[in-house]
Amino acid sequence: MGEIIFILSARKNSQLSLHIITAGMNAVRVRVAILDDYQRVALTSADWSCVNSRIAVDVFTDTIAEEGALVQRLEGYQIICAMRERTKFSQSLLDRLPHLKLIATTGMQNAGIDVEHAKKKGIFVSGTGSGGNSTLEHIWALILAVARHIAVDDANVKGGNPLWQTSIPVGLQGKTLGIIGVGRLGTKTAKIAKAFGMKVVGWSPNLTPERAEEAGVEYASSKEDLLRRSDVVSLHLVLSDRTRHIISAPDIALMKPTAFLINTSRGPLVDESALVDALKSQRIAGAGLDVFDVEPLPVAHPLRKLGNVTLTPHTGYVNDTNYEVRFNARNLFKK
């Protein structure tokens, strides 16, 4: 068998260029595993024709959490393509995959991969750049859905409810959007809010009045100040030890009873149990959630039974165009 060398380079539009260089007298057939492909899109959204003769691809549409079973599945693969953060690549798992040379993940970062340990073991880790405004569009889809009770009205009409109109939509004009995390996405979200005639306030642990002014949002002196003032609160933070449960029970208690909470970032930013309690008691008006503590969301989870929350299955990051992550392979043989 020859030696396998991988050269990765990220390109615009979420393209990942993979050059597989095989060195030796005999051609090497590289084994590739694509994990957690719930929507079965990996083989149809990418052009694999140029590498079919040199790789063997297996696609897995389920997620295995138990490490022993996961090792049994993956131990023979040299390349693993990870869909988002659905499978965790811990230090102990990486130690048990001796043939692994490359982890290619969708997205710009993957908190589920122990990147430092992968480096120590000589495993390349590569991601792809963000493409388009998919998450931005999804944020506003959720805001509009909860404010105008789209899911409830849809169910009533389809279910034949004799009461033709059962809810009163909440208008956005003149309302206040509170953005927690005024980065690239938060700034774009603010611009659309202004098109609806909303006021926008912003806060994050590192936000300064100067940065808030650049982003075109009013600076909130504290998280508590933002929560008290906002009619819609949207989260745009990276999950870390500092931001975990940045929205807790005391925070939710500060929100207006007419307010909505939107989370398209990471589930653990919110104390999920506290949110469920607040929704059940109607302490807040509702929520729009694309992310959860555990994904897929367990079938018996109480969020599934609540009428004042709109749920989507962590699809905010994706649309039909940015799913087209292409792998272009060049195979060079050396004697």
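On full extension, the segment bounded by residue 67 and residue 225 gains 52.5 nm, given 0.36 nm per residue less the C-alpha separation. For region 236-316, the set of trypsin sites (Lys or Arg not before Pro) satisfying both a DSSP loop assignment and a count of at most 12 other C-beta atoms within 10 Å is given as 242. Computed over neighbours whose Cβ is under 12 Å from that of residue 180, the net charge equals -2, Lys and Arg +1, Asp and Glu -1. For region 28-81, the set of GluC sites (Glu not before Pro) satisfying both a DSSP loop assignment and a count of at most 10 other C-beta atoms within 10 Å is given as 66. Across region 134-293, Cα pairs under 8 Å and at least six residues apart give a relative contact order of 21 percent. Our summary gives the chain a relative contact order of 20 percent, counting only alpha carbon pairs under 8 angstrom and 6 or more residues apart. With the helix formula -39500 (n - 2.57) applied to DSSP H stretches of n ≥ 4, the chain reaches a computed 222 nm mean residue ellipticity of -7000 deg cm²/dmol. Entry note, region 242-307: relative contact order of 37 percent, from Cα contacts under 8 Å with a spacing of 6+ residues. In terms of the Cα gyration tensor, with a ≥ b ≥ c the square roots of its eigenvalues, is the chain rounded because a/c is under 1.5, prolate because a/b exceeds b/c, or oblate? It is prolate, given that a/c is not under 1.5 and a/b is the larger ratio. Provide the gained length on full extension for the span residue 199 to residue 31, in nm with one decimal, where the gain is 0.36 nm per separating residue minus the Cα-Cα distance. Result for the pair: 55.2 nm of gain on full extension.
Two numbers describe the Cα atoms of region 134-293: Rg and Dmax, which are 15.5, 54 Å. Between residue 277 and residue 168, the contour length at 0.36 nm per residue exceeds the Cα-Cα span by 36.9 nm. For residue 120 and residue 211, the FRET efficiency from 1/(1 + (r/R0)^6), where r spans their Cβ atoms and R0 equals 22 Å, is about 0.05.
Bear in mind these aren't lab numbers, they're just calculated from the coordinates by the rules spelled out. For clarity, every value in this text was computed on a predicted model and none was experimentally measured. So basically every Cβ, Gly included, is an ideal-geometry build from the backbone, and we count neighbours across all protein chains shown.
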